[in-house]
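In what follows, a structure is listed as structure tokens, so that the remarks can point back to it.
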Amino acid sequence: MTGVSAAVRRTRPLLLLLLLMVLATGSGCSKKPPKTDATEISPAVTFERASELLAQRDLRQATAALKKIAFDAETRTVLEPLTRLALADATFYLGTDIGWIDARNLYLDFVTLNGDHPLAPYAQLQVGMCSLKQVSEPSRDQSLTLQAIRDLEAVGNRWPGSPYVVASRAMLREARAHLAESEFLVGRFYFKRKNYVAAIERLNGVVVRFPEYSEADKVLYQLAQAHLNAGNAAQARIQLDRLLSQHPNGEYVARAQKTLGSILGGLVSEVGTP
């Protein structure tokens, strides 16, 4: 998921900037200098140190420091939401399935409690990222892919002006491509078992629901074969013509031309799968 990783990296500078700005605003309200006594360190200083540990990926120490923060009346409004988010980040960075499940719940809690916070769209983006990290191979159950799509769509739906919308759209494209591939494999499964009606239904669904899919030419080619083997040469020809016009430089052009030539020559025979 290279595109997803790059999209997330592009959000980090903005996240760091917002964190520092909000922290500075909160700290600026205090008229007292930060205390240096280890037993009386201010919440702002503790949070700043925890943020440094988190940036260094010292997750154990960062989490411990974040959990020790004792908010006072002066800093609670500013620091409590940021601490919640930092704890979610520390859990996310564990990089395990359990970590992503726990982090997703923490990010969701942040969004629920702080929907109007400047970093709420970032938290929602991370909700989707946690789901995306757990998706199965295209040949397996795709319930988490569907969940990731819903999570990522929420970023643009709830915060359309947020800079995180760009990253969410990049991740959404990957999630949709993953789902399209899964649907294609199901269609091909039916084709191989000569259940051409079911194959046509699945493959046509991919064409209709995922027009942006980068491997749409192979879907059209398989769909044409399914129609051909179902005895509908006219529909097969339509799909092949579509393939040739929409993907003139694609991998399946030569095979599509050959199959089309067979149809025009009256030779209708069962052909293989991509």
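The values are calculated or read from the model by the stated rules, or taken from the named source; none is laboratory data. Predicted, not measured: the structure shown is a model, and the values here were computed from it. Counting neighbours? That spans all protein chains shown, and the Cβs are built from the backbone with ideal geometry, glycine included.
Observations
- Filter pass, Glu183 being surrounded by fewer than 17 Cβ atoms within 10 Å (Cβ to Cβ) and either more than 14 Å from Gly128 (Cα to Cα) or modelled with pLDDT of 95 or more (or both): no
- Between Arg150, Arg173, the distinction of being touching a residue at least 40 places away in the same chain (Cβ under 8 Å), charged (D, E, K, R) and not assigned by TED's automatic domain parsing to the domain that holds Gln257 belongs to Arg173 only.
- Sole exception among (1) over 23 Å from His117 (Cβ atoms); (2) out of contact with any helix residue (DSSP H, G or I) (no Cβ under 8 Å at 6 or more places or on another chain); (3) in a helix (DSSP H, G or I) for Gln61, by number: (2)
- Yes/no for Val186 being closer than 27 Å to Leu144 by Cα and outside the structural domain of Ser136 (by TED's automatic domain parsing): yes
- Positions within region 120-136 being hydrophobic (A, V, I, L, M, F, W, C) and part of a helix (DSSP H, G or I), in sequence order: Ala120, Ala123, Leu125, Val127, Met129, Cys130, Leu132
- Filter pass, Trp100 being touching a Cys at 6+ places or on another chain (Cβ under 9 Å) and either under 22 Å from Pro81 (Cβ atoms) or surrounded by fewer than 20 Cβ atoms within 10 Å (Cβ to Cβ) (or both): yes
- Residue match in region 184-206 (condition: in contact with a Phe, Trp or Tyr (Cβ under 7 Å, 6 or more places away or on another chain), touching a residue at least 12 places away in the same chain (Cβ under 8 Å) and among the aromatic types (Phe, Trp, Tyr)): no
This table checks each residue for (1) of a type in the set (Gly, Ala, Ser); (2) in a helix (DSSP H, G or I); (3) in the same structural domain as Arg49 (by TED's automatic domain parsing).
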{"residue": "Pro81", "(1), (2), (3)": "no, yes, yes"}
{"residue": "Leu85", "(1), (2), (3)": "no, yes, yes"}
{"residue": "Asp89", "(1), (2), (3)": "no, yes, yes"}
{"residue": "Gly95", "(1), (2), (3)": "yes, no, yes"}
{"residue": "Trp100", "(1), (2), (3)": "no, yes, yes"}
{"residue": "Ala103", "(1), (2), (3)": "yes, yes, yes"}
{"residue": "Tyr107", "(1), (2), (3)": "no, yes, yes"}
{"residue": "Val111", "(1), (2), (3)": "no, yes, yes"}
{"residue": "Pro118", "(1), (2), (3)": "no, no, yes"}
